[in-house]
Amino acid sequence: MSIRYELIIYWSDEDGSFVVEVPELPGCMADGETYEQAVANAQCVIGEWIETARALGRPIPEPKGRLMYA
């Protein structure tokens, strides 16, 4: 699967892992012991998020690329 959604990746001391947030998909997050594992887990979670949205008849946002933050 090709990811086109923006990923925000950071280290969490509290969790002891890398955390990935997908801001365009509300509630879509993943983590992993390594950066690579966190990104791979995010790919799986994005697929599951989209699959669930389709099953529930909810809209799936189009990827916008880089988001601008204040």
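The values are calculated or read from the model by the stated rules, or taken from the named source; none is laboratory data. This one's a predicted model, so the numbers in the text were calculated from it and none came from an experiment. Please note: Cβ atoms are built from the backbone with ideal geometry, for glycine as well, and neighbour counts cover all protein chains shown. In case anyone asks, the SASA skips ligands and DNA or RNA and just uses the protein heavy atoms, side chains included. Shrake-Rupley method; radii C 1.70, N 1.55, O 1.52, S 1.80 Å.
Results, tabulated for the structure shown:
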{"read-out": "Kirkwood hydrodynamic radius of the chain, Cα pairs, Å", "value": "12.6"}
{"read-out": "Given charges at beta-carbon only (K, R positive; D, E negative), |dipole| of the chain in Debye", "value": "500"}
{"read-out": "Of all accessible heavy-atom area on the chain, the percent that carbon and sulfur account for (1.4 Å)", "value": "51"}
{"read-out": "Mean accessible surface per residue for the chain, computed with a 1.4 Å probe while every protein chain stays in place, in Å²", "value": "72"}
{"read-out": "Gain upon complete extension [K64, E14; 0.36 nm per residue less C-alpha separation]", "value": "15.0 nm"}
